[in-house]
Amino acid sequence: MAYTEKEIDIIFLNICERIENGESLRSVLRSDNMPSSQTFYIWIQGNDLKSKQYAYACEKRADAVFEEIIEIADNSGNDKIDLGDGIEGVNHEAIQRDRLRVDARKWAVSKMNPKKYGDKLGLEHSGEVKTNAQPDLSNLSDKEKKEFGKLRKKANGIND
């Protein structure tokens with residue numbers, strides 16, 4: 001189907017809005033009256049504005065999914081079940097299902113925006129760093145070589 005520029009802009013903004021609200025591009029494009037994925041990618045290819053709008057929508061989608069994680073974790077409505085005779089029990093199935101929903105979203109959001117939601121790698125170093133690099137002294141005069149030797153000894157804590 002051929003689209004006018006105005007139709008493309010309206011449809012494209014609708015797609016971006018739905019992505020910002022947490023939907024995947026795939027699910028949006030499966031909806032009625034939406035272009036194919038090939039058409040969508042043609043729209044953003046070579047169009048810096050549309051490409052940036054789509055990237056921004058994807059960033060916002062990660063934020064929306066992150067908010068879903070909090071909502072799921074905070075919702076305890078299904079955590080208890082009525083066992084009859086006024087006795088309540090723990091609904092382990094609902095709790096496990098919510099745990100799975102949270103874990104799946106945590107994984108997805110870490111891939112959608114790894115800088116913001118990915119695992120932080122803490123790199124620490126302890127101990128000394130020693131090098132055995134020998135400088136090239138061939139271009140130095142004898143006086144400079146002697147001065148260099150004194151500085152090296154001083155740096156290594158060797159007193160004459």
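Determine which lysines satisfy two conditions relative to residue 120: a Cα distance under 18 Å, and not lying fewer than 8 residues away in the same chain.
Hits, sequence-local ones excluded: 106, 111.
Once each part is reduced to its C-alpha centroid, what is the distance from region 103-121 to region 15-54 in angstrom?
Taking the Cα centre of region 15-54 as reference, the centre of region 103-121 is 22 Å away.
Quick one: 4, 39, fewest Cβ neighbours within 10 Å first, how do they rank?
With the sparsest Cβ surroundings first, the list reads 4, 39.
Could you pull out every one of the lysines with an alpha carbon less than 29 Å from that of residue 150, ignoring same-chain neighbours closer than 8 positions?
130
What dipole magnitude, in Debye to the nearest 20, does region 5-117 give about its Cα centre under +1 on Lys/Arg Cβ and -1 on Asp/Glu Cβ?
Dipole magnitude for region 5-117 comes out near 680 debye.
How far is helix 5-20 tilted off the main Cα axis of the chain, in degrees rounded to 10, range 0 to 90?
80 degrees
Compute the helix-to-body angle for 142-155: its Cα long axis versus the longest principal axis of the chain, expressed 0 to 90° and rounded to tens.
Relative to the chain, helix 142-155 is tipped by roughly 60 degrees.
Based on DSSP H runs of at least 4 residues, each adding -39500 (n - 2.57), what is the mean residue ellipticity at 222 nm of the chain after dividing by all its residues, to the nearest 500 deg cm²/dmol?
Helix contribution divided over all residues of the chain: -19500 deg cm²/dmol.
Under 30 Å from the Cα of residue 6, which lysines turn up, not counting those fewer than eight places away in the same chain?
Within the straight-line cut-off, residue 6 pairs with 50, 52, 60.
Net charge near residue 81, counting Lys/Arg +1 and Asp/Glu -1 over other residues with Cβ under 15 Å of its Cβ?
After counting each charged neighbour, the total is -4.
Given Cα pairs under 8 Å that are at least 6 residues apart, what percent is the relative contact order of region 5-117?
Once normalised by length, the contact order is 23 percent.
Just name one of 66, 22, 113: the one whose Cα is farthest towards the positive end of the charge dipole of region 5-117 (beta-carbon charges, Lys/Arg +1, Asp/Glu -1).
113
Can you give me the orientation-averaged projected area of the convex hull built on the Cα atoms of the chain, in nm²?
22.4 nm²
Nearest 10 degrees is fine. How inclined is helix 48-74 to the longest principal axis of the chain, computing both from alpha carbons?
That works out to roughly 70 degrees.
I need the shape label for region 75-160. Rule: rounded when a/c is under 1.5, else prolate if a/b > b/c, else oblate, with a, b, c from the alpha carbon gyration tensor.
prolate
Values quoted throughout were computed directly from the atomic coordinates according to the rules given, and no laboratory measurement underlies them. In this text, all values refer to a predicted model and were calculated from it rather than measured experimentally. A quick note on method: Cβ atoms are made from the backbone with ideal geometry, for glycine too, and the neighbour counts reach across all protein chains shown.
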